[in-house]
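Heads up: the structure comes next, in structure tokens.
The values are calculated or read from the model by the stated rules, or taken from the named source; none is laboratory data. Just so it is clear, the structure is predicted and the values come from calculations on it, not from any experiment. FYI the Cβ positions are ideal-geometry reconstructions off the backbone, even for glycines, and counts take in every protein chain you see. Ligands, DNA and RNA are excluded from the accessible area calculation, which covers all protein heavy atoms including side chains. Shrake-Rupley method; radii C 1.70, N 1.55, O 1.52, S 1.80 Å.
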Amino acid sequence: MSMHKSTSSSSLGPGGLDLTQAFFKPIQNAAPPSSTKRHTKISVVGVGNVGMAIAQTILTQDLADELALVDAKADKLRGEMLDLQHAAAFLPRTKIQASLDYSITSGSDLCIITAGVRQNPGETRLNLLERNLALFRNIVPPLVKYSPDSILLVVSNPVDVLTYVAWKLSGFPPNRVIGSGTNLDSSRFRFLIADHLDVNAQDVQAYIVGEHGDSSVALWSSISVGGVPVLSFLKRQQIAYEKETLENIHKEVVQSAYEVINLKGYTSWAIGYSVASLARTILRDQRRVHPVSVLAKGFYEIEGGDVFLSLPAQLGRSGVLGVTNVHLTDEEAGQLKDSAKTILEVQSQLKI
């Protein structure tokens, strides 16, 4: 089922005459469009709260010439497509299409997967994962078929394991499969530190790495504000700080998603901005560093199997360009390895 256009199109004249030919006079002896012209296409799979917040942010930030939406629910899908199309007069020009059929994603530069099944009351994490694995078996192969050169960006939770699943199912090289990981956790972290110091969050360099979840690791040793390394500055100035205060800030980061879900039922706006920032860095080859879920084996002495977890990675047009060599304390390195083990234990139970 395809939903390429709403009821109105260029065929407004009598008998469905295409008025575009009459509306503009072509320039004589015009050359065809340049073959180097860049046309950017993004596909979003899943039009729930998260998928639509991402789609809406991509549109308002003018990141794509074409946006394709895919979901299994026809009415919801068509409704969301029409709702976005009706905002055309207030947005940069973007062709918005929607379909139950994955052929609509053909030629995508970036495929964003937000679809996932929700945990039922009393359901084990493993059972939830197995249901998401079954869902991904229906999502990833058609995306690969129609956009063999695209980059896959996984947002569905648990994001680290599902990014591994997408990598395995796609057959893509690891640089072209990325999880949104702790990009949002790190934004929350920067906000809380900035709030404590009464500075702009954009002047705070701080990363949460590891699992997007309870075993995530706050890299306190590498935090800087305006280029000043915070902990070494406090030490030099002989300003005492409580380690407990630092741990509480990290706890607040981990708990903040749960708090938002408890209060409004789901998270949407922050993840929308987070994923749009990743899309911009990738598609515009900005080579910015983001803490995202990447194939971590061999980095920071992480061994024991193919595991995806968040590390500060440089992103660009070909996906992951490299992993930043951030200095970790022995404690941080140990916590990161423990985080990898946590993910590997869950992953090893999956039949993939």
Failed criterion for Glu130 (all others in (1) open to solvent by 40 Å² or more (accessible area, probe 1.4 Å); (2) part of a loop (DSSP other than H, G, I, E, B); (3) within 25 Å of Ile352 (Cβ to Cβ); (4) of a type in the set (D, E, K, R) hold): (2)
Residues within the stretch 35-91 that are within 16 Å of Val275 (Cβ to Cβ), in a helix (DSSP H, G or I) and among the hydrophobic types (A, V, I, L, M, F, W, C), tallied: 7
Given (1) surrounded by 14 or more Cβ atoms within 10 Å (Cβ to Cβ); (2) out of contact with any strand residue (DSSP E or B) (no Cβ under 7 Å at 6 or more places or on another chain); (3) hydroxyl-bearing (Ser, Thr, Tyr), number of the condition Thr114 does not satisfy: (2)
Matching residues, the stretch 252-267, being of a type in the set (A, V, I, L, M) and within 20 Å of the chain's Cα centre (by Cα): Val253, Val254, Ala257, Val260, Ile261
Any hit, the stretch 146-154, residues being open to solvent by 50 Å² or more (accessible area, probe 1.4 Å), at pLDDT below 95 and either more than 10 Å from Ser293 (Cβ to Cβ) or touching a helix residue (DSSP H, G or I) at 6+ places or on another chain (Cβ under 8 Å) (or both): no
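Based on what the data block shows, is Asn138 open to solvent by 10 Å² or more (accessible area, probe 1.4 Å) and assigned to a helix (DSSP H, G or I)? Give the derivation first.
Working: open to solvent by 10 Å² or more (accessible area, probe 1.4 Å): yes; assigned to a helix (DSSP H, G or I): yes.
So Asn138 fits the description; yes.
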Which listed residue, of Thr105, Thr163, Thr124, Thr114, is free of Cβ contacts under 8 Å to residues at least 12 places away in the same chain and on the phi < 0 side of the Ramachandran plot: Thr124
Boolean, Asp160 is charged (D, E, K, R) and within 15 Å of Ser215 (Cα to Cα): yes
Index of the failed condition, Leu246 passing every other in (1) within 28 Å of Leu110 (Cα to Cα); (2) surrounded by 13 or more Cβ atoms within 10 Å (Cβ to Cβ): (1)
Residue within the stretch 20-35 that is among the hydrophobic types (A, V, I, L, M, F, W, C) and either surrounded by 15 or more Cβ atoms within 10 Å (Cβ to Cβ) or at pLDDT 95 or above (or both) present: no
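For every residue, the table says whether it meets (1) open to solvent by less than 20 Å² (accessible area, probe 1.4 Å); (2) outside any strand (DSSP E or B); (3) modelled with pLDDT of 90 or more.
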site	(1), (2), (3)
Lys168	no, yes, yes
Asp185	yes, yes, yes
His196	no, yes, no
Ser215	no, yes, no
Lys235	no, yes, no
Contacts under 7 angstrom Cβ, first residue in the stretch 184-199 being over 27 Å from Val154 (Cβ atoms), partner open to solvent by 20 Å² or more (accessible area, probe 1.4 Å) and of a type outside the set (S, T, N, Q), 6 or more apart: Ala194/Ala201; Leu197/Val225; Val199/Val225
Residue list for the stretch 92-121, restricted to those being among the charged types (D, E, K, R) and either assigned to a loop (DSSP other than H, G, I, E, B) or over 22 Å from the mean Cα position of the chain (by Cα) (or both): Arg93, Asp101, Asp109, Arg118
